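A short write-up of the structure that comes next.
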Amino acid sequence: MNRSQLLKRIDKSWQTFLKSYTGLSEFELTDPKITGNWSVKDIIAHVTWWEEEALKHLPLILAGGRPPRYSVAYGGINAFNAQMTEQRNKLSLDDVLRQRDEIHQRLIDYIQTVSEDHIIEETRFRKRLRLDTYGHYPIHARAIEKWKNRPAADHNK
C-alpha cells in the first residue's frame, strides 16, 4: 500500500463515519443512548481523542520508541476512555465538531510527511495508524447506524 492508497482508505472509512450521523438533529447528536451512555457527540469526541493519541504516539514509534501501555498509564483502555469521556463531556457539540475537523486534518497532514517506507509494509507505524483510524471509524459508524435503524418501538429508549 502506498501513501495515496492509505489516504484513500482512511478517507473512505472517515466518510462512512461522517455519513453515519449526517442529518441527525442536535438532540439526536447529544442524546446519551447510542452505545451504553454515549451520545453521537461522545462517539465523535472518542474518535477524535484516538486520532490525537495517534498524533502523539506515531512520531514516537517512528523514532523507535514504544508508547506507554494503557494498562500501566491509565488502568486499561476502558479506564482511559472513561477518563476522556468525562473530560470531553463538558464540551459543546460545536467544540467537539471543531476539534474533530482540526485533529483529523492535522493527522492527514502528518501522514503526508511520513516516509513511504513506514506506509508500504505493515509496520508498527501503520498498525497503530490502522487501530486509531480506518480500523476504528467503522466500529463506531456501525454502532450509530444500528442505533438509527432500531425498531420504531425502541426510539424512546
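What follows draws every value from the coordinates through simple rules; no lab data is involved. Please read all numbers here as calculations on a predicted model, not as lab measurements. Here Cβ is always computed from backbone atoms with ideal geometry, including for glycine, and neighbour counts include all displayed protein chains.
Distance between the pseudo-spin-label points of residue 148 and residue 110 (7 Å out from Cα toward the beta carbon): 2.8 nm.
Give me the orientation-averaged projected area of the Cα convex hull of the range 12-136, in nm², one decimal.
Approximately 8.1 nm², given one-decimal rounding.
Subtracting the Cα-Cα distance of residue 131 and residue 82 from 0.36 nm times their residue separation leaves 15.8 nm of extension gain. Axis of helix 93-113 versus longest Cα principal axis of the chain: the two differ by about 20°, to the nearest ten degrees. Between the range 24-91 and the range 111-127, what's the alpha-carbon centroid distance in Å? The distance from the Cα centre of the range 24-91 to that of the range 111-127 comes to 23 Å. Sorting 13-21, 117-125, 61-69, 44-52 by average packing, meaning the other beta carbons within 10 Å per residue, from highest down gives 44-52, 13-21, 117-125, 61-69. Backbone geometry of the range 2-13 corresponds, through the Karplus equation with coefficients 6.51, -1.76 and 1.60 at θ = phi - 60°, to 3J(HN,Hα) couplings of 9, 4, 4, 5, 4, 5, 5, 5, 4, 5, 4, 5 Hz, x marking Gly and Pro. Bridging of residue 56 to aspartates and glutamates at a Cα separation below 12 Å is possible for 132, once same-chain residues fewer than 8 apart are set aside. The angle between the Cα long axis of helix 137-148 and the longest principal axis of the Cα atoms of the chain comes to about 10 degrees, rounded to the nearest 10. Label sites at residue 18 and residue 69, each approximated as a point 7 angstrom past Cα along Cα to Cβ, lie 3.8 nm apart. Each of the peptides 103-109, 71-77 was scored by the mean count of other Cβ atoms within 10 Å over its residues; in descending order, highest first, they stand as 103-109, 71-77.
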